[in-house]
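*Asks:* One structure follows; several queries about it will come next.
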Amino acid sequence: MFTNISKTGVFFLGALAGIAVIALMRSKTVQKGCAKIISAGQQLRDEAQAFVETVKENAQDMAEEAKQETKA
């Protein structure tokens, strides 16, 4: 598709894309959207950590019960 574009052309296309991203990031709407996405990601991480901790505790409890049954 872009077989005839020179390295300079690719550089300028990349520079334009970078400028466009910077312009978008200055937008309050985009910043609010990014903040919501990051917040949701952090909440998901916290919930996943709590779930893993619960599973770990349950596994430890089962292992302890198994030890008690073998002793009896």
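We did not get these values from a lab; they are worked out from the coordinates using the rules stated. Computed from a predicted model, the values in this text were never measured in an experiment. All Cβ positions, even for glycine, are placed from backbone atoms using ideal geometry, and neighbour counts span all protein chains on display.
*Asks:* From the list Met62, Met25, which residue is touching a helix residue (DSSP H, G or I) at 6+ places or on another chain (Cβ under 9 Å) and on the phi < 0 side of the Ramachandran plot? Full working, then the answer.
*Replies:* On the way: Met62 fails: touching a helix residue (DSSP H, G or I) at 6+ places or on another chain (Cβ under 9 Å).
When all the criteria are applied, what remains is Met25.
*Asks:* Further question on the same structure: Suppose we filter Ile5, Ile22, Ile38 for residues that are surrounded by fewer than 10 Cβ atoms within 10 Å (Cβ to Cβ) and aliphatic (A, V, I, L, M); which single one remains?
*Replies:* Ile22 is the lone residue from the list that is surrounded by fewer than 10 Cβ atoms within 10 Å (Cβ to Cβ) and aliphatic (A, V, I, L, M).
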